[in-house]
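Below: the structure, in structure tokens.
The values are calculated or read from the model by the stated rules, or taken from the named source; none is laboratory data. Fair warning: this is a prediction, and the values are worked out from it, not measured in the lab. Neighbour counts run over all protein chains shown; Cβ positions are idealised from the backbone, glycine included.
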Amino acid sequence: MSEFPGAPAQPAVGLPGGRLRVLAAMSGGVDSAVAAARAVEAGHEVTGVHLALSSNPQSFRTGARGCCTLEDSRDARRAADVIGIPFYVWDLAERFREDVIDDFVAEYAAGRTPNPCLRCNEKIKFAALLDKAVALGFDAVCTGHYARVVDLPGGGRELHRAVDPAKDQSYVLGVLDAQQLAHAMFPLGDTTKEQVRVEAEQRGLAVAKKPDSHDICFIADGDTQGFLAQRLGTSAGEIVDVDGTVVGEHSGAYGFTIGQRKGLRIGRPASDGKPRYVLDISPVDNRVTVGPAEALDVSALSGVKPRWCGDAAPAGTARYTAQLRAHGEPVPVSAELAEDGGLRVVLDQPQRGIAPGQAVVLYDGTRVVGSATIASTERAAAEL
């Protein structure tokens, strides 16, 4: 078995001496560059690939705020040259538009709040990319995600949190199934971000000090509401308080998310003088309901389309910790499969701002058990 962290223990194909044919997804950032370099150092046969996710890359973000730009493509190529590996650019723009951008718009139109990075990992990096890699004879796909893969003595693999809690990305990888996990390689899971930057500089990689990408790569100016308005149009509607009193107007319910406080443009202050938050979004009647913070408390939720990360679906009710948003703290819960095949999660303590469309990811210690898309929530206070 390879000593390299994240390398499949029993690859279906492979090269002599435990070496693997590895396809390294290189975004143009420091993480993926160091991950590719580590794969080479471990003795694997590595090929770098940059995913072109826009038919017009200049429309995506530039500089520190993007991950799909022409600048990033060039940075990835330069890193591959320094590492000494073949490099290609693969056009997945159409697949990205269909599976990520169109899904993003449709979810907001339905009153939900999607996570496009999670969908990109599921549909692009570990579906479209992995399928193509396996078809071309590669044994593993290597990425710069901060997560750990653990090989079990009796066979099979588990996905675990990274050692650096500030950079852990296991939440957005909770959609991986056993087959995808079998071909996944995450070399950075046992390393902190600071160590990765130092290593990049020592390896002579120009991206060593490149700032991290953030926000949504396909919204060029960062204006999510404007992006949605261009695609969904404007539609005037009411903002109402929990008692049905109209307190404001909006130009499209899709422009709001559960728990939102800023930008509500409420015409009258609440009778108790406290701020109001978005409690409910109804695309059917184009109405947004607002109320006090305590009305956001959620005691239970239902998830759909559960995916189990490297193992079969758990039976009965079991205890886990759950992460409810990308950078949220894990909370203790009880979870079980419902009769309809969905997931029901009961929270030990109410949590605020849980939005349908986001993911709930279950953990057993540091191990990722699986994930589901939040479909509905149960409020701890009286229902709306």
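The table below lists the values:
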| quantity | calculated |
| --- | --- |
| Positions within segment 367-382 being crowded, with 18+ Cβ neighbours inside 10 Å and over 20 Å from residue 257 (Cβ atoms), in sequence order | 367, 368, 369, 370 |
| Any hit, segment 103-119, residues being in contact with a helix residue (DSSP H, G or I) (Cβ under 6 Å, 6 or more places away or on another chain), β-branched (Val, Ile, Thr) and more than 30 Å from residue 192 (Cα to Cα) | yes |
| Residue within segment 212-231 that is of a type in the set (S, T, N, Q), crowded, with 19+ Cβ neighbours inside 10 Å and either farther than 26 Å from residue 101 by Cβ or out of contact with any Pro (no Cβ under 9 Å at 6 or more places or on another chain) (or both) present | yes |
| Enumerated helices (runs of 4 or more DSSP H) restricted to segment 177-232, each holding at least 1 residues that are modelled with pLDDT of 95 or more | 193-202 |
| Selection count where residues are among the acidic types (Asp, Glu) and within 11 Å of residue 286 (Cβ to Cβ), scope segment 220-240 | 1 |
| Whichever residue in segment 158-168 is in a loop (DSSP other than H, G, I, E, B) and either of a type in the set (A, V, I, L, M) or at pLDDT below 95 (or both) and, among such residues, is nearest to the chain's Cα centre (by Cα) | 167 |
| Search result, residues across segment 151-164 that are free of Cβ contacts under 8 Å to residues at least 24 places away in the same chain and closer than 17 Å to residue 364 by Cβ | 152 |
| Restricting segment 185-207 to residues that are buried (at least 18 other Cβ atoms within 10 Å of the Cβ) and small (Gly, Ala, Ser), the residue that is farthest from the chain's Cα centre (by Cα) | 200 |
| Unique residue being among the hydrophobic types (A, V, I, L, M, F, W, C), within 13 Å of residue 112 (Cα to Cα) and surrounded by 14 or more Cβ atoms within 10 Å (Cβ to Cβ) when the list is 242, 284, 278, 247 | 278 |
| Residues (within 27 Å of residue 195 (Cα to Cα) and not in a loop (DSSP other than H, G, I, E, B)) located in segment 131-157 | 140, 141, 142, 147, 148, 149, 150, 151, 157 |
| Failed item, numbered, when residue 107 is tested on (1) of a type outside the set (A, V, I, L, M); (2) under 28 Å from residue 178 (Cβ atoms); (3) within 14 Å of the chain's Cα centre (by Cα) | (3) |
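Okay, residues lined up against (1) part of a strand (DSSP E or B); (2) touching a Pro at 6+ places or on another chain (Cβ under 8 Å); (3) within 30 Å of residue 240 (Cα to Cα):
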{"residue": "285", "(1), (2), (3)": "no, no, yes"}
{"residue": "315", "(1), (2), (3)": "no, no, no"}
{"residue": "319", "(1), (2), (3)": "yes, yes, no"}
{"residue": "340", "(1), (2), (3)": "no, no, no"}
{"residue": "344", "(1), (2), (3)": "yes, no, yes"}
{"residue": "350", "(1), (2), (3)": "yes, no, yes"}
{"residue": "363", "(1), (2), (3)": "yes, yes, no"}
{"residue": "374", "(1), (2), (3)": "yes, yes, yes"}
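The rows are residues; the columns are (1) under 17 Å from the mean Cα position of the chain (by Cα); (2) outside the structural domain of residue 190 (by TED's automatic domain parsing); (3) surrounded by 14 or more Cβ atoms within 10 Å (Cβ to Cβ).
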| position | (1), (2), (3) |
| --- | --- |
| 324 | yes, yes, yes |
| 329 | yes, yes, no |
| 349 | no, yes, no |
| 355 | yes, yes, yes |
